[in-house]
Every structure is written in structure tokens, then in C-alpha cells.
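Just so it is clear, none of the values below were taken in a lab; they were calculated from the coordinates. Nothing here was measured: the structure is a model prediction, and the numbers come from that model. Because the Cβ atoms are built from the backbone with ideal geometry, glycine has one as well, and the counts that use them run over all protein chains shown.
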Amino acid sequence: MIQFGTKIKILDNSGVKSVKCIKVLKSQRYSTIGDKIIISTKKVKPQSKIKKGEVLSAIVYRVKKKRIKSNGIMIKHRSNGALLLNKKNVSASNRIRGSASKELKYIFQKNLPLNLKLY
């Protein structure tokens, strides 16, 4: 679960390494997989177009908290992960490292890259 101040890894090729959540865009305190959040960039690669301190939006696609799917499988990741979005709410990059859950496929059908591994 991600809330205000949570540090999040960005695992795509946009050039951003880590970000910090500054707002959860829903009525609850925490966000889970598939929710949209507002972030601020903290660590950026030198050749990236995105600069340190920029405010962007992102989709949460990985949470560290253990969750149970409807078929009884328990899933837990090592870190929190998010996918950067541009101003048109489309993925800012074209490649994502790692895998994401199937819930994202149904929530954001047009926004996800084709090479994403779903489990």
C-alpha cells in the first residue's frame, strides 16, 4: 500500500530511478495496484529528458504488501513499483522491466506496453 511520502522504484526505461509519492488520487489514504498517484522525481539518470524534482503522474503496478488473489495465490513483491505517465495518460516509456498483475490489463488496456509480462 502506497501513501504520502512512500519511496517507489520506477522500473521502465524513462530514465527515472526512484520517486516519492506526494498525493494519492482517490478518496482513501492508501493506493493499491492500478491506482493513479502524483509523484516527484528523486533520482534520475543524467541523460534523461525528465529532470530531478519534476511532478508527474504514475500508475501503481507493484506493491510490497502481501495480497491474496481470488484463486487463493498469495503474492508479495520486494519493492513498490510504478509506471510513469505523460500528460495524455499514456505510458511515458516503451519498455517495462519485470512483471505486473493481470488486473492492470483490464484497467488500462490501451496504456500498457505490449512487452509486459502478466501473471
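Name every residue in region 38-60 that is under 20 Å from residue 99 (Cβ atoms) and among the β-branched types (Val, Ile, Thr), in order of residue number. Scanning region 38-60 gives 59, 60.
Could you say whether any residue in region 18-35 is touching a helix residue (DSSP H, G or I) at 6+ places or on another chain (Cβ under 6 Å), buried (at least 18 other Cβ atoms within 10 Å of the Cβ) and of a type outside the set (Lys, Arg)? Yes, there is a match, as at least one residue in region 18-35 is touching a helix residue (DSSP H, G or I) at 6+ places or on another chain (Cβ under 6 Å), buried (at least 18 other Cβ atoms within 10 Å of the Cβ) and of a type outside the set (Lys, Arg).
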